[in-house]
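The values are calculated or read from the model by the stated rules, or taken from the named source; none is laboratory data. Keep in mind that this is a model prediction, so the values were computed, not measured. Note: ideal-geometry Cβ built from the backbone for every residue, glycine included; neighbour counts use all protein chains shown. Calculation scope for accessible area: heavy atoms of the full protein, side chains included, ligands and nucleic acids excluded. Shrake-Rupley method; radii C 1.70, N 1.55, O 1.52, S 1.80 Å.
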2 protein chains.
Amino acid sequence: MVIDSHAHVIFPPERQIQLMAEAEVDCTILFTSTIHPETATSLESFEAELNKLYDILNGVTNPLNERIRAIKELTTVIERNPEKYIGFGSIPFGLSYKENLEWIDKYIVANSFRGIGELTPGSGKIAEIEPLFRASQEFGNLPLWVHTFMPLNYEDIKELLLLAKMHSTVPLILGHLGGVNWLNTLKAVKEFPNVYLDMSATFTTMAPSFAITEYPERTFFSSDAPYCSPLTARTIIEQLVKDRHVMEQVLGGNISRLLKI
Amino acid sequence: MVIDSHAHVIFPPERQIQLMAEAEVDCTILFTSTIHPETATSLESFEAELNKLYDILNGVTNPLNERIRAIKELTTVIERNPEKYIGFGSIPFGLSYKENLEWIDKYIVANSFRGIGELTPGSGKIAEIEPLFRASQEFGNLPLWVHTFMPLNYEDIKELLLLAKMHSTVPLILGHLGGVNWLNTLKAVKEFPNVYLDMSATFTTMAPSFAITEYPERTFFSSDAPYCSPLTARTIIEQLVKDRHVMEQVLGGNISRLLKI
């Protein structure tokens, strides 16, 4: 079973199914998307779509409403093709322990989502995720998916790994493999078996190449669609990995074991 | 003719030829490499190789000697397979106009290199390239290849584009498409026909996708090998571009026209 372990909702939904078919992906772990850059046909319309995101980040548009709307959008897409998708639900950043519990109950568990993310902390803000690690434990250790490319630096990533160490039952997925800090990240995660590595958005194939060699059981194929097509993301992995068994694990076995798919 | 417009010397040289053959690349624009990370087989040996680079950057190893050694290495590799390679020669950063002329004469023109790079300015240091633009004009407008991913920010890229505007006969190749600033970079280069776009090291395929749509005659396929394999880099482009004519231009026609290959 080939599983794209990280993609965002794409419009129209038929296009997402088509992209999965092109890449022969059986199942996608689907995340919300408050904007839809894939609908842009020019630089201008792409920027207009990005500006919607900045409006949310700057509070021009109500971020809570937009998040809830995106979660509804995600559940609708999954309901149409429940055999093709597993959802991860988003959560506002920096909630208290109690608020995290309430949100997870109302928006994650109630929607049968199997994990939480994409979390996009700012640099210097990692400590604010700590209550979420504890809340995840309360709900049977829901995996947390954290964006670790820019704006995070390696100090932030180390702090995040420390939280994973303190809450070693909670699976932590490092989105984008630490970004430009991929080498230090790969060295650091050795001692943290609850930390997993998402291989999307890599600007050098040396990063996933070493990641798979060092951690064949903890690395996940993912497209981060619409930011890369599932076919291209899969091809990159297939051109890197020679061992057939390792390939099967990276393309689906590892995430399948984690989520008990 | 398929041309990989940017790759570094790989050891052993037979491996480079093999990677080109796998990707059906006819010709590679070859750049120096002071270190050889492709020879590393583990995280530890990869880091040891990177440490050699830090020793050069920190002056522990003489940077001038290392640069001259790498240029000799490049000429040796090209001499073995002159029909497969065209060289771009490196130059120390921040030379005066006169020093630039001397270096170009001695190490670029004397080796029949067809361009200059990879230039890797630090943030805030762009102005130091200005004499090199003038020196390039003295030698028939040798193209300059500048790394524009980290550590450059968009202010640096704008300053670089201003230099290109002031020296509009000198072709400027923006290596890695502006990195995380790709969208602003694509918007900015519209008015500068002497600016070209290298599409290696992109962490989202949206960047080369829009780049090719907007500038089908100014975008270059490149691997930045050993940081990506030529086959993977070519596959990414082939999965993005539908138009056959555009594909031919991006895979070789555009750089061929610029360098009169």
Next on the checklist: Within chain A, which whole H helices from DSSP have a Cα span along their axis of at least 30 Å and a mean Kyte-Doolittle hydropathy of -0.5 or more, if any?
Outcome noted: none
Checklist outcome for this item: Heavy-atom accessible area of A:Ile3, protein chains in place, probe 1.4 angstrom, given in Å² to nearest 10, is 0
Checklist entry - Given the options A:Pro12, A:Pro230, A:Pro193, which has the most mean-square fluctuation in a GNM of chain A, springs set between C-alpha atoms less than 10 angstrom apart? => result A:Pro12
Checklist outcome for this item: Semi-axes (Å, rounded, descending) of the ellipsoid equivalent to segment B:53-173 per its C-alpha gyration tensor are 23, 19, 13
Checklist outcome for this item: Rounded to the nearest whole number, the Stokes-Einstein translational diffusion coefficient of the protein assembly as shown at 37 °C and 0.692 mPa s (Kirkwood radius, C-alpha pairs) in µm²/s is 136
Checklist entry - Measuring from centroid to centroid over Cα atoms, what is the spacing of segment B:20-91 and segment A:127-142 in Å? => result 47
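What does the convex hull of the alpha-carbon atoms of chain B project to on average, in nm²?
That works out to 12.8 nm².
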Item to check | Accessible solvent surface per residue of segment B:3-259, calculated while the other protein chains remain in place, 1.4 angstrom probe, Å² | outcome: 40
Item to check | Chain B Cβ-axis minimum, rotational copy A, residue and distance in Å | outcome: B:Phe203, 2
Checklist entry - At a probe size of 1.4 Å, how large is the accessible area of A:Cys228, to the nearest 10 Å²? => result 20
Next on the checklist: Label position 7 Å from Cα toward Cβ: report the copy-to-copy distances for A:Lys106 in nm, one decimal, ordered from shortest.
Outcome noted: 7.2
Item to check | Where labels lie 7 Å past Cα in the beta-carbon direction, separation of B:Arg257 and A:Thr120 in nm | outcome: 3.7
Checklist entry - In terms of solvent-accessible area of protein heavy atoms at a 1.4 angstrom probe, what is the ranking of B:Lys84, A:Lys260, highest value first? => result A:Lys260, B:Lys84
Item to check | Cross-link pairs B:Lys165/B:Lys190; B:Lys125/B:Lys158; A:Lys52/A:Lys98; A:Lys125/B:Lys158; A:Lys242/B:Lys52 - those with Cα-Cα distance over 23 Å | outcome: A:Lys52/A:Lys98; A:Lys125/B:Lys158; A:Lys242/B:Lys52
Checklist entry - By a straight-distance test (C-alpha under 17 Å), which lysines pair with A:Lys84 as possible cross-link partners, with residues fewer than eight away in the same chain excluded? => result A:Lys260
Item to check | Whole-angstrom gap from segment A:164-216 to segment B:198-249, using each part's C-alpha centre | outcome: 27
Checklist entry - In nm, to one decimal, how far is the modelled label at B:Glu217 from the one at B:Asp243, with both set 7 Å along Cα→Cβ? => result 1.1
Item to check | Cβ-vector label at 7 Å, A:Asn62, separations to other copies in nm | outcome: 7.0
Item to check | Sequence of A:Lys106, A:Lys242, A:Lys52 when ordered by accessible area, the most exposed leading, probe 1.4 angstrom | outcome: A:Lys242, A:Lys106, A:Lys52
Checklist entry - Distances from A:Phe192 to the same residue in each other copy, label points 7 Å out along Cα→Cβ, in nm, shortest first? => result 4.0
Checklist entry - In segment B:196-222, which residues give up 50 Å² or more of accessible area once the other protein chains are added, compared with their chain alone (1.4 Å probe)? => result B:Phe203, B:Thr205, B:Met206, B:Phe210
